[in-house]
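Here is the structure we will look at, set down as structure tokens.
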Amino acid sequence: MSRSSKKVVVITMGDPQGIGPEVTRKALVDVIARSEATKQSRFIIVGDKKILGRIPSSVGVLDVPYKSVGEGSLKFLDKAILLIKGGVADALVTAPLSKEKVSRYHKNFVGHTEYLAEAFEVNNFDMMFVAHDMRLTIVTRHVPLKEVPKLITQKAVFDSIALMAQTLKDKFKIKNPKIAVLGLNPHAGENGLLGSEDTKHILPSIRKAKAQGINAVGPLPADTFFAFRKSYDGIIAMYHDQGLAPIKGMYMKELVNFTAGLPFVRTSPAHGTAFDIAGKNKADPSSMLAAINLACQLV
């Protein structure tokens with residue numbers, strides 16, 4: 001098939017000392033053999049050929065030299081960014097890296113999501129976690145818990161609601177998505193008794209969204225919500241563990257991190273580098289497999 005009919009998915013290997021190379025290799029063997037979506041896609045891996053090992057012959061490999069694992073992790077990503085910007089690749093899947101190791105090489109690095117948003121000059125973006133029919137974003141990302149309340153502003157919450165609605169329509173083809181917005185405080189604040197953020201910041205942002213035709217509901221108590229989640233197309237959580245603890249508890253193996261707001265499709269597995277089992281052939285590639293399949297479907 002020609003370049004115009006087959007979409008190109010570029011995959012970064014992640015930390016050379018983590019499980020990224022192993023799950024990438026295992027997932028590609030499986031995805032090429034079984035997935036219908038990948039029949040319309042071809043793959044390029046950016047990383048270290050020696051560490052990757054035996055890769056299916058149909059997969060291209062770009063070998064990138066590096067001196068430290070942190071440098072390598074970021075150079076793999078930078079090369080993939082060039083492929084996306086140059087029109088060579090249509091989607092990006094990133095294997096896990098170590099933020100701490102990369103920050104030794106690039107001191108301002110805080111994560112894939114923020115780095116990609118800066119590279120493509122995107123201001124409104126979110127981490128969206130996807131598994132089966134569940135899609136969840138978080139208003140605040142990798143920040144200390146004590147800083148979360150002051151970051152829950154009307155603008156921040158509204159931007160997340162609006163981006164969720166647009167992404168569900170554009171990428172997931174849901175015509176009129178119903179979006180649940182969780183409260184920040186216990187019982188969504190009990191009308192100000194247990195905190196003011198829910199009534200002062202979250203509720204006005206929901207009203208603004210509704211005024212613009214977005215079917216947003218809340219603020220909803222987070223402690224009971226996930227038992228009744230199936231009637232919603234998207235979920236907005238206020239902070240990292242409020243959203244990720246339940247969704248990872250339910251769908252860890254199948255969970256995918258999708259970056260909403262970028263001008264291209266980017267996914268990643270929802271786990272880390274797992275240095276303790278790296279190189280032992282023990283890593284489960286299920287989340288990486290799901291990330292590759294979702295990238296192929298969305299692109």
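Screening region 173-194 for residues that are under 16 Å from residue 239 (Cα atoms) and touching a residue at least 40 places away in the same chain (Cβ under 8 Å) and picking the one that is most open to solvent (accessible area, probe 1.4 Å) gives 184. Residues in region 253-299 that are among the hydrophobic types (A, V, I, L, M, F, W, C), under 20 Å from residue 25 (Cβ atoms) and open to solvent by 30 Å² or more (accessible area, probe 1.4 Å): 4 in all. Can you say whether residue 114 is out of contact with any helix residue (DSSP H, G or I) (no Cβ under 9 Å at 6 or more places or on another chain) and over 27 Å from residue 19 (Cα atoms), as far as the supplied structure shows? No: the conditions fail for residue 114.
Quick one: is residue 103 out of contact with any Leu (no Cβ under 8 Å at 6 or more places or on another chain) and of a type in the set (Ser, Thr, Tyr)? So residue 103 fits the description; yes.
So which residues in region 103-140 are open to solvent by less than 50 Å² (accessible area, probe 1.4 Å) and part of a loop (DSSP other than H, G, I, E, B), if there are any at all? 109, 111, 120, 122, 125, 139, 140 - these are the residues of region 103-140 that are open to solvent by less than 50 Å² (accessible area, probe 1.4 Å) and part of a loop (DSSP other than H, G, I, E, B).
Kindly evaluate residue 11 against the criterion of being closer than 22 Å to residue 113 by Cβ, of a type outside the set (Phe, Trp, Tyr), surrounded by fewer than 21 Cβ atoms within 10 Å (Cβ to Cβ) and in contact (Cβ under 8 Å) with a residue 40 or more places away in the chain. Judged against the criteria, residue 11 is not a match. Looking across region 70-124, the residues that are touching a Pro at 6+ places or on another chain (Cβ under 9 Å), touching a residue at least 12 places away in the same chain (Cβ under 8 Å) and more than 15 Å from residue 266 (Cβ to Cβ) come down to 72, 73. Set side by side, the residues 141, 135 differ, and just one is basic (Lys, Arg), under 25 Å from residue 208 (Cβ atoms) and at pLDDT 95 or above, which is 135.
Of the helices (runs of 4 or more DSSP H) lying entirely inside region 157-267, those carrying at least 1 residues that are β-branched (Val, Ile, Thr) and under 19 Å from residue 125 (Cα atoms) are 203-211. Just name the residue that is nearest to residue 81 (Cα to Cα) out of those in region 141-153 that are open to solvent by less than 60 Å² (accessible area, probe 1.4 Å) and over 16 Å from the mean Cα position of the chain (by Cα). So, considering only residues that are open to solvent by less than 60 Å² (accessible area, probe 1.4 Å) and over 16 Å from the mean Cα position of the chain (by Cα), the one nearest to residue 81 (Cα to Cα) is 143. Taking region 33-92 as the range and being more than 25 Å from residue 104 (Cα to Cα), in contact with a helix residue (DSSP H, G or I) (Cβ under 7 Å, 6 or more places away or on another chain), part of a loop (DSSP other than H, G, I, E, B) and open to solvent by less than 50 Å² (accessible area, probe 1.4 Å) as the test, the residues that pass are 35, 53, 55, 56, 59, 89.
The values are calculated or read from the model by the stated rules, or taken from the named source; none is laboratory data. Please read these numbers as outputs of a predicted model, since none were measured by experiment. Neighbour counts are summed over all protein chains in view; Cβ atoms, including those assigned to glycine, are modelled from backbone coordinates with ideal geometry. Calculation scope for accessible area: heavy atoms of the full protein, side chains included, ligands and nucleic acids excluded. Shrake-Rupley method; radii C 1.70, N 1.55, O 1.52, S 1.80 Å.
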